[in-house]
Amino acid sequence: MDDSNGRKFQKDLNGGLVGLVLLAILNQSAEDLYGYEIAKRLASANEGTSIFKEGTIYPVLRALSAANLLTSRIVPSYSGPPRRYYRITDQGRSVLTEWTAIWAGTRSFVDRFIDKGHSP
Amino acid sequence: MNRSAPRSIDQYLKALRQELAGEDAALIQDALYDAEEYLRAEVAAHPDKSEADVLELIASTYGAPDEVASAYRDTEAKVKAAMTTPRKVPKSGAGAFFGVFLDPRAYTSLFFMLLSLATGIIYFTLTVTGLSLSAGLAVLIIGLPFFLVFVALTRVVSLAEGRLIEAMTGERMPRRPVHQSQAGFWSRVGQMLKDRRTWTTLAYLILMLPLGVVYFVIAVVGLSVSLAFIFAPLVDWAGRYGWFDQAGDLHLNPAWLGALWAAPLLVLAGVVLLTLLMHLARGIGRLHAMYAKALLVAPAAPPAAQ
């Protein structure tokens, strides 16, 4: 019961955060990345705790791309279907700046309540 | 949750397809494509492990099929909501009739109808050439490879046509090629020949020529007749007052149509005809999108094979 409550909360939180993290990763990266590479960067940052399931980033990548925040190109691959490489657009960068500010504001707002009464 | 975890890429994709059953066929095709890209890269990244060993850990990294399926469902719903800008289209009476001019889909559908003659000729030529060359070369050793390349080409064309239709009519079409199971070469050839979609795609490409002719004629006749009505009074006066010479050739028959009081009626008739054409174009766009989806996109139900 606790576990499924936690999972649901995590899922609700991730709704917008996955997009923010993906934009940030692509913004930091010098070269274009494809889905699996991005997933692996997330996984190495995860360190055991599974915040994102890697399978959930693909539909978000597609949605960001549809909203013109990312562009993509297809490159053939030996190991499977052709890979779709993503790159952040200028519009994506300005959205990232905006979302980063919103996230910083939200985090400090939430922390203000959580750090008080709850500290051990 | 306690169902046996998938032990191979094909099993995983099959499970994912079952989880997505009932969703839009195009969404399923995309989800399977993404999953396959990840799973194959993951297996390739661990050459020391077997496919089954890699798949064992997949539920904790990529996510179990049901988790991935729900991610696609949620994102699709959100994207759909974000992409459809709410439009204020009057729902009744004259507003509903003339509101079609505010609907971008009506314009894009009309454009699609004009374009479909060109695409229809290209598809028809491609398909008939490919089929007859395949038949002619069938007795030679290159016959079968030629046919396979031709079918692969029709799949690319089908994907491109799908993108065009989604852009023009808003109907969700696949954004990724269809998933091919990585079985041996001959069993893939067999699957392709058994695949109903291979043959319906060929039918679609051939039928696009007659359909394209019909669409083109409707669009051109509709546009020229209604625009002629709208501009007839103007051209008539232009001829009468000598604004430009060619207009002298215009004959309004019966002659009372040239009277001043008839001008608003002519313009009104033209506007009504143009509005009817826009409604017709939007309707044809919707019908064509449904028809294209039925022929070009594999049905959402899991395939009976295996």
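Here are the numbers for the structure shown:
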{"quantity": "Members of region A:64-73 found to be buried (at least 21 other Cβ atoms within 10 Å of the Cβ) and either at pLDDT below 85 or more than 10 Å from chain B (Cβ to nearest Cβ) (or both), listed by number", "calculated": "A:Leu69, A:Leu70"}
{"quantity": "Index of the failed condition, A:Pro82 passing every other in (1) within 11 Å of chain B (Cβ to nearest Cβ); (2) at pLDDT 85 or above", "calculated": "(2)"}
{"quantity": "Subset of region A:1-37 (residues that are over 23 Å from A:Asn68 (Cβ atoms) and of a type in the set (S, T, N, Q))", "calculated": "A:Ser4, A:Asn5, A:Gln10"}
{"quantity": "Filter result (at pLDDT below 75 and within 19 Å of B:Glu23 (Cα to Cα)) within region B:175-198", "calculated": "B:Arg175, B:Arg176, B:Pro177, B:Val178, B:His179"}
{"quantity": "Among the candidates A:Ala43, A:Ala39, A:Ala24, A:Ala30, residue that is facing chain B (nearest Cβ under 8 Å) and at pLDDT 80 or above", "calculated": "A:Ala39"}
{"quantity": "Condition met for B:Lys88 (at pLDDT below 80, within 14 Å of chain A (Cβ to nearest Cβ) and either within 25 Å of B:Glu166 (Cα to Cα) or crowded, with 20+ Cβ neighbours inside 10 Å (or both))", "calculated": "no"}
{"quantity": "In region B:47-67, residue surrounded by the fewest Cβ atoms within 10 Å (Cβ to Cβ) [restricted to those that are in contact (Cβ under 8 Å) with a residue 24 or more places away in the chain, in a helix (DSSP H, G or I) and aliphatic (A, V, I, L, M)]", "calculated": "B:Ala52"}
{"quantity": "Pair list, Cβ under 9 Å, 6 or more apart: region B:17-36 residue free of Cβ contacts under 8 Å to residues at least 24 places away in the same chain, other residue of a type in the set (S, T, N, Q)", "calculated": "none"}
{"quantity": "Qualifying residue in region A:101-116 (condition: out of contact with any strand residue (DSSP E or B) (no Cβ under 6 Å at 6 or more places or on another chain), at pLDDT below 80, away from chain B (no Cβ under 14 Å) and farther than 19 Å from A:Leu42 by Cα)", "calculated": "yes"}
{"quantity": "Search result, residues across region B:68-80 that are under 22 Å from the mean Cα position of the chain (by Cα), surrounded by fewer than 21 Cβ atoms within 10 Å (Cβ to Cβ) and at pLDDT 80 or above", "calculated": "B:Arg73"}
{"quantity": "Residues satisfying the stated conditions in region B:137-174, i.e. of a type in the set (S, T, N, Q) and modelled with pLDDT of 85 or more", "calculated": "B:Thr154, B:Ser158"}
{"quantity": "So A:Ile88, is it within 14 Å of chain B (Cβ to nearest Cβ) and of a type in the set (Val, Ile, Thr)", "calculated": "no"}
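The values are calculated or read from the model by the stated rules, or taken from the named source; none is laboratory data. Every value quoted in this text rests on a predicted model; they were computed, and no experiment measured them. In this analysis, Cβ positions are derived from the backbone assuming ideal geometry, glycine residues included, and neighbour counts consider all displayed protein chains.
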